[in-house]
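Each remark here refers to the structure printed beneath this line.
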Number of protein chains: 2
Amino acid sequence: MTVADVLNDASAELHVDLETIIENYETLNAQSNAACAAVVKADAYGLGMEKIAPALFHHTECDTFFVANLVEAVKLRSILKDAKIYVFNGLFEDHVDTYLEQDITPILNDPNQIQFWNNKKQPCGIHFDTGINRLGFSDKHAEEFFNSKRNLNIDLVLSHFIQSEIPNHPSNEIQLDQFIRVRYQLPNAKASLCNSAGIYLGEDYHFDLLRPGIMLYGGNPGLPKRPDGITQAFEIKAKILQIRELEAGMSVGYNSLWTAPEKSRIAILNVGYADGTLKTSDRNSSVYIDGHIAKVVGKTSMDMIAIDITDAKFDKVTVNNFVEILGSNITLEMVAENSTLGHYELMTGIGRRYNKIYNLRA
Amino acid sequence: MTVADVLNDASAELHVDLETIIENYETLNAQSNAACAAVVKADAYGLGMEKIAPALFHHTECDTFFVANLVEAVKLRSILKDAKIYVFNGLFEDHVDTYLEQDITPILNDPNQIQFWNNKKQPCGIHFDTGINRLGFSDKHAEEFFNSKRNLNIDLVLSHFIQSEIPNHPSNEIQLDQFIRVRYQLPNAKASLCNSAGIYLGEDYHFDLLRPGIMLYGGNPGLPKRPDGITQAFEIKAKILQIRELEAGMSVGYNSLWTAPEKSRIAILNVGYADGTLKTSDRNSSVYIDGHIAKVVGKTSMDMIAIDITDAKFDKVTVNNFVEILGSNITLEMVAENSTLGHYELMTGIGRRYNKIYNLRA
């Protein structure tokens, strides 16, 4: 194996199925007559914007992307010359030139930012807050804005849900009513309210542009179940570094948190909390190997975990075998259940050391 | 600001003080007559191996580094041509050529790995397990090893503590005794037992080579207090994106977890759980701005948090101000106390979006 091969052989693998991301996009897009964009901030929720954004752009109707900050937008522009790119985090005065030069569309969040973009021909979005009270124009600033003179090419009006993953929560309708009021004052701009969960609130909420994030990748924003047609688009595999035979009473890992109740066979895998997915998950967590679930035992280390492969069903398991840490058998749901973290945090916490493998049929 | 400037202006900053890392190294090195190596796996615990390893190599006596896997080792070799580099995770057969070509020293963890390296002139390390039962030769394999014919140039014998951060735990002495027994059978190899906390167990434990990790960076492996001369070597700063005035009863963030008890002033910062340090920390956590502690309010978002700057002492705080998320005022200890995570996990969970700034006096 050459050095170049070694650099692509970190032995722990993040597989991202671009076909599944495309299918998830199609599922979301089919929920509505509205257009459908893609949120690819935070490196496409930890899975790799560089591969995912072009797959969506070239293989679906998706031509519009949302990122968090200008750095992400500039990186995306270098990959997709013709995509529409919006930046959520708002406009800093000293970034104006770069927005213009790179044809990136800022989303303006308060009156100061209006000043920085006034009299530009290039489009901008406006974010009106409807209750989450993070970014976006407050009611008071919105009123001032509508009563003020301005010269802006506004092509998008948006707001953000507080808890769209709880379909019957009264806040959804309250936010909808408030969004309708601002949206009607800017009838020439497209309107966008729906994140992933919002899409499933129904047609009244769809307006002109959907902007799902987590469901593109097959994560669940907190709905009772993942909707039909939304499939987890990634898996993580680790490699067995070593297999040990333990006598009853011998313990495994830092602080001896697990002790072998009988003669046991333990495999050591090359992923740990530095690889992200296992943080806070060293109780009752499991992996999948050779057709069976195996239990993680002992405390998660920085670079390793241990699994119990004592049972006869694991007799064929050997060093170098790959083990599913997260995938179709060890789902995000299962990992989240054993963690204090949700799907969003588990995904954006995926570490840097994986060999990333992207699948796209020709 | 040019595009190149923007790419270095992610607006959230990770400052790493290389001088402090050098001072921490000197503190650790001064605890013993043994030589002192540096553990720089997992990208130097999240802070950047590429800058930290050369700073130690060129400005201290440190000439030996430990990493987790061969990918990390090859990257380190490309930066430091003359350093001694050991790989903890053991030897895969198809990696042997790269180890030889790149002059990287494998640590052999079981009998199979001995076969892959036998008859090589180049040195290797051997890891003997003394109770943690992760990697390394078991007692049985060690006995077979000592009774077998072999042709190896062993330059390091090592083992790993179960709980060196608990100085009076009986396991430390048990491991020490066991390590002494194997170590005496390979008298020509250097012996290494001590991680950061192990160094503070005293001279009996030091042998020939210390190999601290977390304390180099100023983290605490779990000792009751950080030892004198060990200082947190990094800080994280975020920028204020927007400031909002709230009426009493208005809530902030997803699921409205915080509601303003009175007329309030809230600042929105550009770090969130995708940036890693705040995971699981949205209860009772704090930041430091303009000489004062401010409380984080509401649920942590992927790219944002909100802080309460209602009090008159924050009157001068404005948009674009930088806020200390982690540093000399908001210490790792404080963050860990509000988190389910420890120093190790908080550090290796630091996200990818920061503008990384390294300080080293000329």
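Details
- Where only C-alpha atoms are counted, convex hull volume of region B:1-125 per residue in Å³: 144 Å³
- Residue-averaged [θ]222 nm for chain B, counting only DSSP H segments that reach four residues, each worth -39500 (n - 2.57): -7000 deg cm²/dmol
- Just checking the listed ones, B:156, B:176, B:108: in the Gaussian network model of chain B with Cα springs under 10 Å, the one fluctuating most is B:176.
- With its label point put 7 Å out from Cα toward Cβ, residue A:313 sits 5.9 nm from the same residue's point in the other copies, in order from shortest.
- With R₀ set to 45 Å, the beta-carbon distance separating residue B:290 from residue B:81 gives a calculated FRET efficiency near 0.45.
- Across identical copies of the chain, residue A:111 has label-point separations of 7.9 nm, listed in ascending order, with the point defined 7 angstrom from Cα along Cα→Cβ.
- Scaled radius of gyration (Cα, divided by 2.2 N^0.38 Å) that the protein assembly as shown gives: 1.00
- The mean of 1/r over all distinct Cα pairs in region B:39-97, once inverted, gives the Kirkwood hydrodynamic radius of 11.6 Å.
- Given a 1.4 Å probe and the protein chains as shown, residue B:22 ends up with an accessible area of around 20 Å².
- Residue and distance (whole Å) for the chain B Cβ nearest the axis that superposes B on A: B:340, 3
- The Kirkwood radius of region A:251-345, taken over pairs of alpha-carbon atoms, gives through the Stokes-Einstein law at 20 °C and 1.002 mPa s a diffusion coefficient of 158 µm² s⁻¹.
- Residue B:328 accessible area, 1.4 Å probe, all protein chains in place, Å² to nearest 10: 100 Å²
- In the protein assembly as shown, the DSSP beta bridges split such that about 50 percent are antiparallel, to the nearest 5.
- Highest-fluctuation residue, B:300, B:130, B:98 considered, GNM on chain B with Cα pairs under 10 Å: B:98
- If R0 equals 25 Å, the separation of the Cβ atoms of residue A:115 and residue A:185 corresponds to a calculated FRET efficiency of about 0.80.
- Summing charges over all other residues whose Cβ lies under 13 Å from the Cβ of residue B:123, with Lys and Arg as +1 and Asp and Glu as -1, gives +2.
- Ordered from largest to smallest accessible area (heavy atoms of protein chains, 1.4 Å probe), the residues B:1, B:347 come out as B:1, B:347.
- Positive-end residue, the protein assembly as shown charge dipole about Cα centroid, Cβ charges, pick of A:317, A:284, A:69: A:69
- Restriction of the GluC sites (Glu not before Pro) in region A:190-249 to DSSP coil positions whose beta-carbon has at most 12 other beta-carbons within 10 angstrom yields A:247.
- Teacher prompt: residue B:59 distances to equivalent labels in other copies, 7 Å Cα→Cβ, nm: 4.7
- Here the protein assembly as shown exposes an accessible surface that is 47 percent carbon and sulfur, computed with a 1.4 Å probe and the other protein chains kept in place.
- Cβ charges +1 (Lys, Arg) and -1 (Asp, Glu), total dipole of the protein assembly as shown, debye: 240 debye
- Here's the picture: charge each Lys and Arg Cβ at +1 and each Asp and Glu Cβ at -1 in the protein assembly as shown, and of B:201, B:130, A:79 the one pushed furthest to the positive end of that dipole is A:79.
- Residue-count net charge about residue A:67 - beta-carbon cut-off 13 Å; Lys, Arg +1, Asp, Glu -1: +2
- Reduction of at least 50 Å² in accessible surface, 1.4 Å probe, comparing all protein chains with the chain by itself, residues of region B:221-256: B:241, B:242, B:244, B:254, B:255
- Total charge dipole magnitude, region A:1-160, about the Cα centre, Cβ charges on Lys, Arg, Asp, Glu only, Debye to nearest 20: 640 debye
- Selection among A:186, A:92, A:213 by position relative to the dipole of region A:87-223 gives A:186 as farthest towards the positive end (Cβ unit charges, Cα centre).
- Accessible surface for the protein assembly as shown, divided over its residues, is 39 Å² per residue with a 1.4 Å probe.
- Accessible-area order (highest first, 1.4 angstrom probe) of the listed residues A:173, B:333: A:173, B:333
- Volume per residue that the Cα convex hull of region B:163-239 spans, once the total is divided by residue count, Å³: 106 Å³
- Calculated on alpha-carbon atoms, Rg and Dmax of chain A in Å: 23.6, 80
- Pairs of alpha carbons in region B:157-304 whose separation is greater than 19 Å (percent): 66 percent
- Positions from region A:297-313 whose accessible area shrinks by 30 Å² or more when the full protein complex is built, not the chain alone, probe 1.4 Å: A:302, A:303, A:304
- Summing +1 for each Lys or Arg and -1 for each Asp or Glu among the other residues whose beta-carbon sits under 13 angstrom from that of residue A:188 gives 0.
- Interface B:A - total buried accessible surface [probe 1.4 Å, Å², rounded to 100]: 6700 Å²
- Buried on complex formation within region A:326-354 (loss of at least 40 square angstrom of accessible surface versus the isolated chain, 1.4 Å probe, ligands and nucleic acids ignored): A:345, A:348, A:352, A:353.
- Using distinct alpha-carbon pairs, which all enter the 1/r mean, Kirkwood radius of region A:210-267 in Å: 15.3 Å
- Whether region B:35-186 is rounded, prolate or oblate, judged on the alpha carbon gyration tensor where a/c under 1.5 counts as rounded: oblate
- Cα-centred dipole magnitude for chain B, charges only on beta-carbon of K, R (+1) and D, E (-1), debye, nearest 20: 340 debye
- Separation in nanometres of the label points that stand 7 Å from Cα toward Cβ, at residue A:262 and residue A:177: 6.4 nm
The values are calculated or read from the model by the stated rules, or taken from the named source; none is laboratory data. All of these numbers come straight from a predicted model, not from anything done at the bench. Glycine gets a Cβ as well: all are built from the backbone with ideal geometry, and neighbour counts include every protein chain shown. With ligands, DNA and RNA removed, areas are computed over all heavy atoms of the protein, side chains included. Shrake-Rupley method; radii C 1.70, N 1.55, O 1.52, S 1.80 Å.
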